[in-house]
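**Student:** I'd like to ask some things about the structure below.
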Amino acid sequence: MNDVWILAEYHKGMIKEVSYELLAWGRSLADSLGSSLCAVLLSPKIETEKVNSLFEYGADVVYHCTDSSFEFLNCATFSCALESLVRERSPHILLGAATTTGRSVLPYLAVKVSSGLTADCTSLTIEKETNLLLQTRPAIGGNIMATIKTPEHRPQMATVRPKSKKPLKREIGRKGRLESIPFDPLWKDERMKVLEEYIHEGNESSIEEAKRVVSGGKGLKKKENFELISRIASCLGAAVGASREAVDRGWIGYSHQVGLSGKTISPKLYMAVGISGAVQHLAGIKTAEYIVSINNDPTSPIIQISDLAIVGDLFTVCGEIEKEFERRKVFS
Amino acid sequence: MVIVVPIKQVPETSNVQMDSVTGVMIRSGSKAILNPLDLYAIESALRYKEACDARVIAVTMGPQSAMKVLKEAIAMGCDDAVHISDRAFAGADTWSTSYTLAKAIAGMGKVDLIITGERATDGDTGQVGPEIASWLNLPLVTYVSQLIEMRSDSMMVKRMTEEGYQKLEVTLPALITVLKEVATVRLSTLKGKMRAMDMIIPTRTVKDLDVEPSYLGLKGSPTKVVKIEQARVKRDALIIEAMEADKVPDAVISLFDFLEDKQLLEKGESR
Ligand SMILES: Cc1cc2nc3c(=O)[nH]c(=O)nc-3n(C[C@H](O)[C@H](O)[C@H](O)COP(=O)(O)OP(=O)(O)OC[C@H]3O[C@@H](n4cnc5c(N)ncnc54)[C@H](O)[C@@H]3O)c2cc1C
Ligand SMILES: Nc1ncnc2c1ncn2[C@@H]1O[C@H](COP(=O)(O)O)[C@@H](O)[C@H]1O
């Protein structure tokens with residue numbers, strides 16, 4: 001069997017958007033192989049229409065295993081369920097998201113099924129002669145792109161970053177085969193228990209999942225000025241990022257730090273304001289689709305890596321950007 | 001109790017050479033340091049030690065030069081260190097690295113807790129920690145941002161997720177991977193440095209570990225690097241001069257034109 005599988009993600013009664021992105025990645029691979037695209041969903045009971053959305057976004061088959069223990073991630077439990085499915089059905093390829101879930105479960109599973117796993121792929125294609133998965137990923141701070149194969153072990157496993165591909169256009173009413181997988185109580189791992197979950201306020205989206213990220217650096221000069229970044233971000237519908245200098249000064253929390261010792265992100269738009277573009281910072285944004293920067297020093301490295309760079313005072317430029325958004329609001 | 005902290009030596013800058021034939025990193029030349037994110041794993045272990053009276057063992061798999069990061073761990077306050085090194089381990093991917101480390105840890109007797117960094121700044125996979133947990137069948141908690149309660153048989157921690165965070169409890173033995181937020185790292189003390197200097201750290205080779213030879217190194221790795229390319233670094237920077245205030249409005253219009261042209265202004269699907 002040459003089936004391509006994706007691991008769908010669930011949170012609070014919803015199927016996470018990244019699942020549909022994974023289906024888009026998987027669809028093109030399944031089409032090159034002439035095989036089926038299957039989504040694995042491990043979740044508590046969930047509305048049928050939500051499960052069906054997986055078909056509408058490209059899945060041919062959905063393996064759905066329901067149990068209340070899938071409410072929160074428990075790597076051992078999830079991995080047991082996946083291992084059993086994988087052993088029974090031997091998929092050719094298994095893709096997951098490079099999220100806190102995918103990055104935890106898939107390595108755990110890779111050991112159990114004795115196969116390799118390639119993290120954070122930016123390109124996945126099928127090698128014509130061999131039908132093998134070619135997995136391309138940035139390495140060494142994004143300085144090189146490595147192409148990796150898993151020639152002998154199955155499934156060939158890889159993770160891809162959220163927002164690195166658009167979901168396919170939803171085909172309302174598209175159908176597929178739904179297979180319910182019975183939950184085996186032996187899978188349940190009791191050693192770890194989630195006691196409480198705190199969910200961020202609505203607009204504080206994580207920088208890894210955001211399509212657009214506006215980041216501020218030391219050029220903002222002080223904490224109060226950092227507000228400017230949040231305002232521009234909210235105009236653009238973007239998440240807020242920061243350089244390490246900004247984080248170390250306590251202007252914003254570590255979860256917003258972009259770079260080598262922060263997060264590596266691949267948004268469609270990355271806007272760097274008052275950030276010099278040190279190698280360690282650039283390491284986190286090399287795979288962004290478009291980079292825009294605002295900096296008053298024309299020799300800053302960030303300028304060289306930008307698609308569009310404004311050389312000017314960030315306070316004046318950002319003030320003008322806000323005004324322009326205001327004007328557009330009035331006219332639209 | 002016994003806490004093991006696997007730490008890794010990584011190249012200092014992003015300026016690293018790769019062997020284009022084997023796809024393996026050439027380590028000579030660039031300066032090597034302790035993976036900055038592993039400092040937080042060491043710090044977490046030391047805090048645990050202060051709370052529960054533990055023995056902390058740092059372990060690394062790497063060439064002879066990796067001994068240096070173990071000395072750093074000792075200087076910070078770790079009690080012991082183990083160096084795993086053999087030509088047979090060279091070129092291992094995460095699967096094979098985690099296998100070797102798991103075997104070494106299994107050989108240490110009763111271990112209560114393993115703490116790894118979130119990821120190494122060179123490989124950048126974050127897989128080795130979870131994979132060690134899997135080899136040893138341990139419960140795994142990733143992305144730990146706070147140690148809320150440390151007991152000798154269980155712990156309560158905060159774990160970051162995309163949506164927010166979770167408060168959870170895990171029984172020991174377990175493996176956790178920690179984020180930078182977990183603690184502020186201490187400096188090494190003079191006493192620690194002296195101890196590190198005098199300490200003789202054992203090196204374990206294939207002979208000392210109960211390992212399956214076909215799982216080791218480049219040969220034993222399921223994943224194979226088939227091609228290495230330079231990443232696209234430069235972009236066709238359109239540079240707009242706007243140092244004088246009167247040039248700013250036009251610059252901003254150009255910015256909006258750019259954003260519109262690339263369809264970056266569309267609202268709605270903002271996340
Ligand atoms: C092991 C290690 C890991 C690291 N990890 C990270 C990481 O993950 N992320 C990270 O970001 N850094 C990281 N760093 C730090 C990195 O080397 C830089 O120090 C940091 O990125 C600089 O932040 P910055 O660009 O905000 O500050 P600076 O380099 O000081 O740059 C500020 C910029 O603002 C501009 N500016 C000032 N005033 C104005 C104005 N009025 N208008 C317009 N522009 C203005 C200046 O021209 C300058 O380019 C790491 C370093 C090490 C050693
Ligand atoms: N060779 C190694 N020796 C010891 N620990 C390692 C090694 N490689 C990775 N680790 C540990 O695993 C974590 C994740 O590394 P990685 O999967 O390479 O990103 C690191 O932060 C270390 O704690």
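**Student:** Taking strands (runs of 3 or more DSSP E) that fall entirely within the range A:100-205, which contain at least 3 residues that are assigned by TED's automatic domain parsing to the domain that holds residue A:26? Quick ask: steps written out before the conclusion?
**Tutor:** Values: elements: A:117-121, A:123-127, A:132-139, A:144-149, A:156-160, A:177-180, A:192-199.
Correct list: A:117-121, A:123-127, A:132-139, A:144-149, A:156-160, A:177-180.
**Student:** Tell me the residue from A:319, A:277, A:250, A:259 that is on the phi > 0 side of the Ramachandran plot, open to solvent by 10 Å² or more (accessible area, probe 1.4 Å), within 15 Å of ligand 1 (Cβ to nearest atom) and not charged (D, E, K, R), please.
**Tutor:** Working: A:319 fails: on the phi > 0 side of the Ramachandran plot; A:277 fails: open to solvent by 10 Å² or more (accessible area, probe 1.4 Å); A:259 fails: open to solvent by 10 Å² or more (accessible area, probe 1.4 Å).
Residue meeting the stated conditions: A:250.
**Student:** What is the number of the single condition among (1) touching a helix residue (DSSP H, G or I) at 6+ places or on another chain (Cβ under 6 Å); (2) under 30 Å from residue A:112 (Cα atoms); (3) more than 9 Å from chain B (Cβ to nearest Cβ); (4) charged (D, E, K, R) that residue A:161 does not meet?
**Tutor:** (1)
**Student:** Go through B:207, B:247 for me and flag whichever is of a type in the set (Lys, Arg) and under 19 Å from residue A:308 (Cα atoms).
**Tutor:** Numbers: B:207 fails: under 19 Å from residue A:308 (Cα atoms).
The conditions single out B:247.
**Student:** For residue B:65, indicate whether it is without any contact (Cβ under 8 Å) to a residue 60 or more places away in the chain, more than 16 Å from ligand 1 (Cβ to nearest atom) and either away from chain A (no Cβ under 14 Å) or buried (at least 24 other Cβ atoms within 10 Å of the Cβ) (or both).
**Tutor:** Spelling it out, residue B:65 is indeed without any contact (Cβ under 8 Å) to a residue 60 or more places away in the chain, more than 16 Å from ligand 1 (Cβ to nearest atom) and either away from chain A (no Cβ under 14 Å) or buried (at least 24 other Cβ atoms within 10 Å of the Cβ) (or both).
**Student:** State which residue pairs qualify: first residue in the same structural domain as residue A:160 (by TED's automatic domain parsing) and charged (D, E, K, R) and inside the range A:75-98, second residue open to solvent by less than 20 Å² (accessible area, probe 1.4 Å) and in a strand (DSSP E or B) in any location, beta carbons under 9 Å apart, and separation of 6 or more residues or different chains.
**Tutor:** These pairs meet every condition: A:89/A:5; A:89/A:38; A:89/A:63.
**Student:** List the number of the failed condition for residue B:135; all other conditions in (1) away from every other protein chain (no Cβ under 11 Å); (2) within 14 Å of ligand 2 (Cβ to nearest atom); (3) open to solvent by 50 Å² or more (accessible area, probe 1.4 Å) hold.
**Tutor:** Looking at each condition in turn, residue B:135 falls short on (1).
**Student:** Exactly one of these conditions fails for residue B:190: (1) open to solvent by 60 Å² or more (accessible area, probe 1.4 Å); (2) facing chain A (nearest Cβ under 7 Å); (3) not aromatic (Phe, Trp, Tyr). Give me its number.
**Tutor:** (2)
**Student:** Hey, can you tell me all the residues within the range A:121-157 that are more than 8 Å from chain B (Cβ to nearest Cβ), open to solvent by less than 10 Å² (accessible area, probe 1.4 Å) and at pLDDT below 95?
**Tutor:** The one that is more than 8 Å from chain B (Cβ to nearest Cβ), open to solvent by less than 10 Å² (accessible area, probe 1.4 Å) and at pLDDT below 95: A:121.
**Student:** Examine the range B:149-168 for a residue that is crowded, with 19+ Cβ neighbours inside 10 Å, modelled with pLDDT of 95 or more and not in a strand (DSSP E or B), and state whether such a residue exists.
**Tutor:** no
The values are calculated or read from the model by the stated rules, or taken from the named source; none is laboratory data. These figures come from a predicted structure and were not determined experimentally. Reconstructed Cβ throughout: ideal geometry from the backbone, glycine too, with neighbour counts over all protein chains shown. To get the accessible areas, we keep the full protein, side chains included, count just its heavy atoms, and leave off ligands, DNA and RNA. Shrake-Rupley method; radii C 1.70, N 1.55, O 1.52, S 1.80 Å.
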